[in-house]
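Q: Submitted below is the structure of interest, expressed as structure tokens.
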Amino acid sequence: MKYFIYILKCNDDTLYTGITTNIQRRIHEHNFSKKGAKYTKTRRPVILAHTEIMQDKSSAAKREYAIKKLTRSEKLALISNTKPN
């Protein structure tokens, strides 16, 4: 099973990082469902800014954790594929 690590850009210009096995369903949940994250519910609509695919849950969880530890500028650089200032 493939796992997606994703970064969402929220309506208030903040970033949210998550993990899922079905990216389309998860984006829909973030925007329209009660199943969306508590963080994104008040920041709708959200748009998909970045995805990465991992082959197993363990490596996906490690990558998600690593991304969550990045600074905002590092996340923005990851999204735009550039080096941070």
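The values are calculated or read from the model by the stated rules, or taken from the named source; none is laboratory data. Not measured: the values here are computed from a predicted model. Cβ coordinates were reconstructed from backbone atoms using ideal geometry, including for glycine residues, and neighbour counts include every protein chain displayed.
Q: Looking at K2, is it touching a residue at least 12 places away in the same chain (Cβ under 8 Å) and either more than 15 Å from L78 (Cβ to Cβ) or of a type in the set (F, W, Y) (or both)? Before you say what the answer is, go through the steps one by one.
A: Details: touching a residue at least 12 places away in the same chain (Cβ under 8 Å): yes; either more than 15 Å from L78 (Cβ to Cβ) or of a type in the set (F, W, Y) (or both): yes.
Yes, satisfied.
Q: While we're here: I'm told I67 meets every condition in (1) touching a Ser or Thr at 6+ places or on another chain (Cβ under 9 Å); (2) without any contact (Cβ under 8 Å) to a residue 60 or more places away in the chain except one. Can you identify the failing condition by its number?
A: The number of the failed condition is (2).
Q: Go through segment 7-21 and give me each residue that's outside any strand (DSSP E or B), more than 13 Å from L48 (Cβ to Cβ) and not charged (D, E, K, R).
A: N11, T14, T21
Q: Which members of segment 27-55 meet the condition of being crowded, with 16+ Cβ neighbours inside 10 Å, assigned to a helix (DSSP H, G or I) and without any contact (Cβ under 8 Å) to a residue 12 or more places away in the chain?
A: The answer is E29, and nothing else.
Q: While we're here: Can you name the residue in segment 11-25 that is within 14 Å of K41 (Cβ to Cβ) and under 10 Å from the mean Cα position of the chain (by Cα) and, of all such residues, is surrounded by the fewest Cβ atoms within 10 Å (Cβ to Cβ)? Even if it seems obvious, please write down each step before you answer.
A: Filtering segment 11-25 down to residues within 14 Å of K41 (Cβ to Cβ) leaves 11-12, 14, 16, 18.
Then drop every residue that is not under 10 Å from the mean Cα position of the chain (by Cα), which leaves 16, 18.
Numbers: Y16: 18, G18: 20.
The selected residue is Y16.
Q: Please find, within segment 56-77, the residue that is farthest from C10 (Cα to Cα) out of those that are of a type in the set (D, E, K, R) and surrounded by fewer than 16 Cβ atoms within 10 Å (Cβ to Cβ).
A: Of all residues in segment 56-77, those of a type in the set (D, E, K, R) come to 56-57, 62-64, 68-69, 72, 74-75.
Checking which are surrounded by fewer than 16 Cβ atoms within 10 Å (Cβ to Cβ) leaves us with 56-57, 62, 68-69, 72, 74.
Working: D56: 27, K57: 25, K62: 23, K68: 15, K69: 18, R72: 13, E74: 17 Å.
Looking at residues that are of a type in the set (D, E, K, R) and surrounded by fewer than 16 Cβ atoms within 10 Å (Cβ to Cβ), I get D56.
Q: Just to be sure before I move on: is N31 at negative phi and at pLDDT 95 or above in the structure I sent?
A: Numbers: at negative phi: yes; at pLDDT 95 or above: yes.
Yes; evaluated as a whole, the condition is true for this residue.
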